[in-house]
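Please read the structure below before turning to the comments.
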Amino acid sequence: MENYIQLSIDSDTAQQEILIALLSENGFEGFEENPNRLLAFIPEEKFNAINVDEILSGIHLSYSKKIIEQKNWNEEWEKNFEPVVVNNFCGIRASFFPPTHGNGLLANGSRPGN
């Protein structure tokens, strides 16, 4: 698993459309648009500060950078997921939880006793 670089670029909505196009052409893989800030993500090994500086200096913008350490996001989700039982009828759970026992369907689509 690899780390990512997150750039935070203060910019307005119109600038963000242009930035996304330019940064996409330079290896950036993900973007989060906010009213006054664009977050752009790229694998650490693909990050080229010279290219980014050239792109942003042409439209008079600067950025801050931070490293996002890779995590096993499935593991994070599993640690924080809680099963849900709806009116003691239907249970919604991840496969690593034991089955819920209600009167109706379980999350995997089977009926109790089947």
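Each value in this text was obtained by applying a stated rule to the coordinates, not by laboratory testing. All values reported here derive from a predicted model rather than from experimental measurement. Virtual Cβ from ideal backbone geometry, glycine too; neighbours counted across all protein chains shown.
Loop-only trypsin sites (Lys or Arg not before Pro) in region 11-89, please: DSSP not H, G, I, E or B, and at most 11 other Cβ atoms within 10 Å.
The qualifying sites are LYS71.
Under a point spin-label approximation (7 Å from Cα along Cα-to-Cβ), what is the ILE92-ASP10 distance to one decimal in nm?
4.0 nm
Cβ under 12 Å from ASN34's Cβ, ASN34 left aside: what net charge do those residues give with Lys, Arg +1 and Asp, Glu -1?
-3
Going by how many other Cβ atoms sit within 10 Å of their own, how do VAL85, VAL52 line up, fewest first?
Least to most surrounded, the residues fall as VAL85, VAL52.
Rounded to the nearest 0.05, what FRET efficiency do TRP77 and GLU29 have when you use their Cβ-Cβ distance and R0 = 35 Å?
Result of the calculation: an efficiency of 0.95.
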